[in-house]
Amino acid sequence: MYYCALCNLKACKLGEPEKMPKKCPNSTKIIEKSKELYLEEENEKIAYNSALVESEGYCKLTRIEETILFAKKMNYKKLGIAFCTGLSNEAKILQDIFLNHDFDVESVVCKCGSIPKEFIKITENEKVHKGEYEAMCNPIGQALFLNETKTDLNIILGLCVGHDSLFIKYSKAPVTIIGVKDRVLGHNPLAAIYTSNSYYKEKLFKNKE
C-alpha cells in the first residue's frame, strides 16, 4: 500500500532516504528497474528534455509554451491534436499556434466516423439527448488516424474521462495533455479541489455520520 499523497515529509524530494516512512515506494528492486528503463534511448531523451523544460520554463511559461519548447527540444516535426468537438474553437486556435511555430499538425475530432452510440449498446434512455442521433466519441479512432499519419507527439484537448484513457492506450506516439474535460468548472477540474473545504465539500465527501 502506497500513500504518498498523504505524506507530509516528502523526504524523497529532499534526498533524505533515511527519513522515509516504512511504506514509502522505495523498493530497491523497483527503483533500479525504473532507472534501467530511463537508460532506454527514447525514455532518456524524453526525461532529459522534460527536466530542461521544467527548469527553463519554471513559473515563466504556460503549458502551451512548454509543450512547444519540449517538442522542439525533442526535434518533433509533426504534432497530433485529439480534441473534443465541444472545444473545436480551442482546437483551431491551438493548431494555428503550432503551425505558427513551424510544426506540421494533424487534428482529429472525437466524433470521427460518426458511429452511433447504439454500436456500444447505449440505449435511448442512456443518451445525453434522448430521441436524437448521437455519435459516440471515438478515441480509438482518433489514435489510429494519428498513428497512420506518423505523428511524433500527440496532444489531448478536452477528451472525456475514459475516452482519454483509450486514446492514450492506442496512441503510438507519446502523449501529453493541454486541457481536460470539465463541463461544470469551465475545464478547470482543480477548482473542485481548491474549494473542497468550502463550496464543494458536500459534493465531494460522503456523509460520514
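The values are calculated or read from the model by the stated rules, or taken from the named source; none is laboratory data. Keep in mind it's a predicted model, so treat the numbers as computed, not measured. So basically every Cβ, Gly included, is an ideal-geometry build from the backbone, and we count neighbours across all protein chains shown. Heavy atoms of the whole protein, side chains included, go into the accessibility calculation; ligands, DNA and RNA do not. Shrake-Rupley method; radii C 1.70, N 1.55, O 1.52, S 1.80 Å.
General observations
- Pairs meeting the criteria (first residue in segment 83-105 and closer than 21 Å to Asp152 by Cβ, second residue in a helix (DSSP H, G or I) and among the polar types (S, T, N, Q), beta carbons under 8 Å, at least 6 apart or on different chains) are Val105/Gln95.
- Looking across segment 182-205, the residues that are open to solvent by 70 Å² or more (accessible area, probe 1.4 Å), of a type in the set (A, V, I, L, M) and outside any loop (DSSP other than H, G, I, E, B) come down to Leu190, Ile193, Leu204.
- Count - residues of segment 96-114 that are open to solvent by less than 50 Å² (accessible area, probe 1.4 Å) and not in a strand (DSSP E or B): 4
- Where a residue in segment 109-136 is of a type in the set (Ser, Thr, Tyr) and its partner, wherever it lies, is open to solvent by less than 50 Å² (accessible area, probe 1.4 Å), with Cβ under 6 Å and at least six apart: Ser114/Ala135
- Enumerated helices (runs of 4 or more DSSP H) restricted to segment 1-67, each holding at least 1 residues that are closer than 25 Å to Ile97 by Cα and not assigned by the TED database to the domain that holds Ile178: 41-57
- Against the test of being within 28 Å of Asn43 (Cβ to Cβ) and among the aliphatic types (A, V, I, L, M), the options Leu157, Leu99, Leu204 yield a single qualifying residue, Leu157.
- In segment 160-181, residue least open to solvent (accessible area, probe 1.4 Å) [restricted to those that are of a type in the set (D, E, K, R) and within 24 Å of Ile46 (Cα to Cα)]: Asp164
- Selection within segment 132-159 - part of a strand (DSSP E or B) and either touching a Gly at 6+ places or on another chain (Cβ under 7 Å) or open to solvent by less than 10 Å² (accessible area, probe 1.4 Å) (or both): Leu153, Asn154, Ile155, Ile156, Leu157
- Filter result for the condition that a residue is in contact (Cβ under 8 Å) with a residue 60 or more places away in the chain, open to solvent by 40 Å² or more (accessible area, probe 1.4 Å) and basic (Lys, Arg), over Lys60, Lys78, Lys73, Lys45: Lys78
- Residues of segment 81-95 satisfying the condition of being of a type in the set (S, T, N, Q) and surrounded by fewer than 16 Cβ atoms within 10 Å (Cβ to Cβ): Thr85, Ser88, Asn89
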